[in-house]
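The values are calculated or read from the model by the stated rules, or taken from the named source; none is laboratory data. None of these values were measured; they are calculated from a predicted model. Using ideal geometry, Cβ is built from the backbone for each residue, glycine included, and neighbour counts are taken over all protein chains shown.
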Amino acid sequence: MTAKRAGPLGLLLVIACSSASAVVHAQSAPIEERIAASFVLALGRSPASAEAERWAKDGSRPLVGLIGRHREHLRNDAAAARAVAAKASQDAFGIVAADVGPTSASGGETYAEIVQHHIQGLDGNRAAYELVVHRAYRLHLQRDAYAVELEYWRIRPVLPFVLIVACVENWARRNQPGLMATAGVPAVSVNSLYLDAVRLSPAVAAEARAAAGLAPQGDAALAAALGRHVVAPGAGTVASVGGIHFAAAGGTLLVPVPDKD
């Protein structure tokens, strides 16, 4: 027996259902993006599936509200606050700090805020920053940075360890097999081995940047034209490969690098 073809009414119902499904998906995508971005910026990691589902049940909230919810949790959970402080320290310096302090934690400081503080400290201590640069090169290239590479990073705004490693990875991939010395525009890929990254729409990326106080450096229009779409502490002058908007923290392969004796 052959199936009857849907009449005009049936066809309209199919179209209506498809349209409704598309609207629901369009509405849920920003919610999912906001939740994922809030976890990366507040805790230094993307959410597990169960966490994302649980937070999504509360409905749509602005990113600043989601980060505020994380902040409140960190104020009331000392163990979670210490974990965030330790993660921020490792992502900023490339080593496990012996003491992450009386939790930047106790005040409910987020991952992004703590990394920002560390960047400011490195900016005032260039000898310590040079060690961070060497650690980044040892992690990905198994060598120290050359003198010309130290100069390359010295004349640019300070970046945390995580972004230097991701920039070195991208430069090395583009310049194999004849690697010389790092040059060109500092850029990172959303697919970096060293990042825990979540893609965002331009609108959610702008909201995330504002909520976390991570405005791009210099003129906003120029920053957009240069592809500076990475939402992360210190990323104001870093380009995103392919112009993709994303939030990022250190991934599982971003391991501590011991200093040479």
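Identify, from the list 257, 204, the residue that is in contact with a helix residue (DSSP H, G or I) (Cβ under 8 Å, 6 or more places away or on another chain) and closer than 25 Å to residue 152 by Cα.
Details: 204 fails: closer than 25 Å to residue 152 by Cα.
Just a single option satisfies the conditions, and that option is 257.
Within the set of pairs 6 or more residues apart or between chains, which connect a residue that is free of Cβ contacts under 8 Å to residues at least 40 places away in the same chain and within 17 Å of residue 135 (Cβ to Cβ) inside segment 150-174 to a residue that is small (Gly, Ala, Ser) and part of a helix (DSSP H, G or I) with Cβ atoms less than 6 Å apart?
Within 6 Å, the pairs are 164/136; 168/136.
So in segment 236-261, with the set limited to residues that are in a loop (DSSP other than H, G, I, E, B), out of contact with any His (no Cβ under 8 Å at 6 or more places or on another chain) and among the aliphatic types (A, V, I, L, M), which one is surrounded by the most Cβ atoms within 10 Å (Cβ to Cβ)?
The qualifying residue surrounded by the most Cβ atoms within 10 Å (Cβ to Cβ) is 238.
If a residue must be outside any loop (DSSP other than H, G, I, E, B), of a type in the set (Gly, Ala, Ser) and at pLDDT 75 or above, how many such residues does segment 89-112 contain?
3
Could you say which residue among 196, 219 is within 29 Å of residue 142 (Cα to Cα) and surrounded by fewer than 23 Cβ atoms within 10 Å (Cβ to Cβ)?
On the way: 219 fails: within 29 Å of residue 142 (Cα to Cα).
Exactly one residue qualifies, and that residue is 196.
Search segment 178-188 for residues being touching a strand residue (DSSP E or B) at 6+ places or on another chain (Cβ under 9 Å) and either charged (D, E, K, R) or surrounded by fewer than 21 Cβ atoms within 10 Å (Cβ to Cβ) (or both), and hand back the single one that is nearest to residue 163 (Cα to Cα).
Going residue by residue through segment 178-188, those that are touching a strand residue (DSSP E or B) at 6+ places or on another chain (Cβ under 9 Å) are 185-188.
Subsequent filtering for residues that are either charged (D, E, K, R) or surrounded by fewer than 21 Cβ atoms within 10 Å (Cβ to Cβ) (or both) retains 185, 187.
Details: 185: 13, 187: 9 Å.
Taking the candidates together, the pick is 187.
crowded, with 22+ Cβ neighbours inside 10 Å, in contact (Cβ under 8 Å) with a residue 12 or more places away in the chain and assigned to a loop (DSSP other than H, G, I, E, B): does that describe residue 233? I'd like the intermediate steps shown before the answer.
Working: crowded, with 22+ Cβ neighbours inside 10 Å: yes; in contact (Cβ under 8 Å) with a residue 12 or more places away in the chain: yes; assigned to a loop (DSSP other than H, G, I, E, B): yes.
For residue 233, the condition - crowded, with 22+ Cβ neighbours inside 10 Å, in contact (Cβ under 8 Å) with a residue 12 or more places away in the chain and assigned to a loop (DSSP other than H, G, I, E, B) - is met.
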